[in-house]
Amino acid sequence: MKNYFKVFIILCVFVFAIYSLLKKNHESIDANYVEETNDPIYKYGILVDTFNISEERVNEGQTLGEILYFNHIDHPQIAEIVNKSKGIFDVRRVNSGQKYTLINSNDSLSKLCYFIYEENATDYIVFDFIDGINIFKGKKKVTTKLKISQGIINSSLSETIDKLGISPRVSIKLSEIYAWTIDFFKIQEGDAFKVYYENNYIDGEYIGIGRILAAEFTHKNQKFYSFYYKENENYGEYFDESGRTLRKAFLKAPLDFYRISSRYSRNRKHPVTGQWKGHFGTDYAAPKGTPIMTTANGTIVTASFTRNNGNYVKVRHNGTYSTQYLHMSKIKRGIKKGVYVKQGDIIGYVGSTGLATGPHVCYRFWKNGKQVDPYKQKLPPGDPISKDNKNEYIFVKDSLMNILNSNI
């Protein structure tokens with residue numbers, strides 16, 4: 001009997017030992033075990049884990065109302081959207097090809113909860129239907145990476161940049177920066193450039209360049225430098241190594257993208273009337289709707305329509321110079337007599353109103369009350385770096401020069 005009792009005791013001790021060991025191992029596993037969870041998914045700042053998402057693009061001729069109605073937003077709601085959008089988004093400016101996103105409830109109703117329209121790569125409009133109708137603007141987070149690119153020109157600047165696989169915007173911006181310094185129609189083989197600039201990305205996808213921060217352009221064996229510097233929070237421009245602005249008091253042209261279709265001439269056959277007469281302006285052909293900028297600071301003296309000029313704006317810059325912009329598809333809202341505008345401000349949009357055969361802007365340049373060819377004028381320079389900012393500019397310029405001279 002005693003032997004049976006001893007065996008029982010030994011078995012109990014053994015079982016307890018095994019239990020303790022298993023419990024200890026289990027607790028050790030629990031201590032190191034972390035339950036795997038999925039990270040929350042956000043789009044446009046909205047937690048979308050529990051929604052159905054579809055991405056579409058606006059079809060040719062499609063309107064915002066048509067898209068919303070197709071997604072079960074009724075006419076009274078659409079009318080409310082139009083009303084609430086005022087001051088936030090012009091519902092008429094929905095462009096074909098632009099991306100939009102539908103965020104629907106994940107149930108049998110599949111109710112539209114959010115509609116997001118992307119104005120461009122960074123800016124978007126959110127139409128929130130969760131609790132009534134709320135409309136607001138948003139902006140995607142942009143990641144900026146700095147890069148140096150350089151090349152030797154064999155044909156043209158744009159062709160060289162294209163062969164190097166660099167964004168064509170680099171060529172356009174360099175042409176703008178050096179517009180009054182280098183004649184890009186006279187670029188020579190062997191000319192070279194080195195440029196330090198921003199590349200922008202959203203969610204790892206390249207969306208284009210940002211600012212050019214510094215550049216060295218070699219033309220006819222002479223180096224021309226440009227350095228970006230902001231004298232105030234709102235506006236920056238380019239200066240040379242001595243702090244002189246590369247900008248003239250006037251922009252080279254009133255458009256960002258253009259081709260000169262007709263130059264200033266004292267005797268030209270008019271394309272509409274067929275008459276031979278002087279053409280005292282420069283025609284810049286561009287797609288309809290292209291923004292037109294005032295080429296210098298000044299005051300609007302006329303914003304009107306005439307049979308020949310179509311929609312046009314005239315700006316007085318000072319006692320010597322005035323400029324005129326003809327054939328606009330429309331004048332920008334708020335541009336009227338007496339309004340002060342700054343260089344680069346949009347005053348209208350390219351069109352073909354008046355005596356015009358196609359979309360362009362006729363740019364007319366007045367000096368002392370007489371129309372002259374702006375390309376043959378010795379125009380005043382812009383303002384140099386102010387004395388208050390000179391020391392800071394030299395520090396910035398030296399830092400950028402060191403980067404240009406590095407082997408990055």
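See the values below:
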| quantity | calculated |
| --- | --- |
| Residue list for the stretch 59-89, filter: part of a loop (DSSP other than H, G, I, E, B) and farther than 20 Å from LYS140 by Cα | ASN59, GLU60, GLY61, GLN62, THR63, ASN71, HIS72, ILE73, ASP74, LYS86, GLY87 |
| Out of PHE70, PHE127, sole residue that is surrounded by 17 or more Cβ atoms within 10 Å (Cβ to Cβ) and of a type outside the set (Gly, Ala, Ser) | PHE127 |
| The lone exception for ALA79 - which of (1) within 17 Å of TYR114 (Cβ to Cβ); (2) out of contact with any Leu (no Cβ under 8 Å at 6 or more places or on another chain); (3) among the small types (Gly, Ala, Ser); (4) modelled with pLDDT of 90 or more it fails | (1) |
| Options ASN234, ASN199; residue that is under 30 Å from GLY138 (Cβ atoms), loosely packed, with under 15 Cβ neighbours inside 10 Å and either out of contact with any Leu (no Cβ under 7 Å at 6 or more places or on another chain) or assigned by TED's automatic domain parsing to the domain that holds TYR325 (or both) | ASN234 |
| Residues of the stretch 144-169 that turn out to be of a type in the set (D, E, K, R), surrounded by 13 or more Cβ atoms within 10 Å (Cβ to Cβ) and part of a strand (DSSP E or B), as a count | 1 |
| Search result, residues across the stretch 358-371 that are free of Cβ contacts under 8 Å to residues at least 40 places away in the same chain and within 22 Å of MET328 (Cα to Cα) | none |
| Answer from SER96, SER108 - the residue that is assigned to a loop (DSSP other than H, G, I, E, B) and touching a residue at least 24 places away in the same chain (Cβ under 8 Å) | SER96 |
| Residues of the stretch 170-184 satisfying the condition of being among the hydroxyl-bearing types (Ser, Thr, Tyr) and touching a helix residue (DSSP H, G or I) at 6+ places or on another chain (Cβ under 8 Å) | SER171, SER175, TYR178 |
| Residue that is crowded, with 16+ Cβ neighbours inside 10 Å and either on the phi > 0 side of the Ramachandran plot or assigned by TED's automatic domain parsing to the domain that holds TYR196 (or both), where the choices are GLY382, GLY354, GLY369, GLY338 | GLY354 |
| Qualifying residues in the stretch 104-123 (those that are of a type in the set (A, V, I, L, M) and more than 18 Å from LYS139 (Cα to Cα)) - the one modelled with the highest pLDDT | LEU112 |
| Test result for ASN120, loosely packed, with under 15 Cβ neighbours inside 10 Å and within 30 Å of ASN200 (Cβ to Cβ) | yes |
| Strands (runs of 3 or more DSSP E) enclosed by the stretch 170-254 - at least 3 residues per element that are without any contact (Cβ under 8 Å) to a residue 12 or more places away in the chain | 222-230 |
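The values are calculated or read from the model by the stated rules, or taken from the named source; none is laboratory data. What you see is a predicted model; the values in this text were computed from it and never measured. Please note: Cβ atoms are built from the backbone with ideal geometry, for glycine as well, and neighbour counts cover all protein chains shown.
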